[in-house]
Ligand code: 4NP
């Protein structure tokens, strides 16, 4: 059976999208359905390529038993041919990713969706960027992602 491919995207790929990727992997692992999925994350920006996720986000996730192990990479043309679901964190990511997609032939396969469109508990229309804020911003991002990412999984399975 063809795997379901999911790519989470933010700006730097060191805070929000690695957290979303790790939460999603944690959920499908708990459900015993990991083998049905290809899951990854990427950033629209290039500043942090190759770096581990922000230590503040890794620490906050670890408190919830979620391990963030990814290294940052930038979104690339091929992602629009490989990933069926490209889930972005905010309106700026949405616009940038749509612009990139429109330049790639055959990219109709990819659906670009804001992850907060799936939220059920939190009203935020975007996942706020925690990078320049305090430590509680990382917990809040994890709170809203745990809601929207689990609702996304329910929606597609
Ligand atoms: P992210 O957060 O998009 O959630 O990974 C950011 C990380 C770094 C920067 C901006 C946002 N930065 O400007 O370096």
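The values are calculated or read from the model by the stated rules, or taken from the named source; none is laboratory data. In this text, all values refer to a predicted model and were calculated from it rather than measured experimentally. Positions of Cβ are backbone-derived with ideal geometry, glycine not excepted, and every protein chain shown enters the neighbour counts.
Here the helices (runs of 4 or more DSSP H) wholly within the range 45-142 that include at least 3 residues being within 13 Å of the ligand (Cβ to nearest atom) and modelled with pLDDT of 95 or more are 55-62, 91-101. Among the residues of the range 49-58, those identified as surrounded by fewer than 20 Cβ atoms within 10 Å (Cβ to Cβ) and in contact (Cβ under 8 Å) with a residue 12 or more places away in the chain are 49, 50, 51, 52, 56. When the range 8-43 is filtered for residues that are in a strand (DSSP E or B) and either more than 14 Å from the ligand (Cβ to nearest atom) or touching a helix residue (DSSP H, G or I) at 6+ places or on another chain (Cβ under 6 Å) (or both), the ones remaining, listed by number, are 8, 9, 10, 37, 38, 39, 40, 41.
Considering (1) out of contact with any strand residue (DSSP E or B) (no Cβ under 6 Å at 6 or more places or on another chain); (2) in contact (Cβ under 8 Å) with a residue 60 or more places away in the chain, the lone condition that residue 88 does not fulfil carries the number (1).
Considering each residue of the range 58-77 in turn, at least one proves to be out of contact with any strand residue (DSSP E or B) (no Cβ under 9 Å at 6 or more places or on another chain) and over 22 Å from residue 146 (Cβ atoms).
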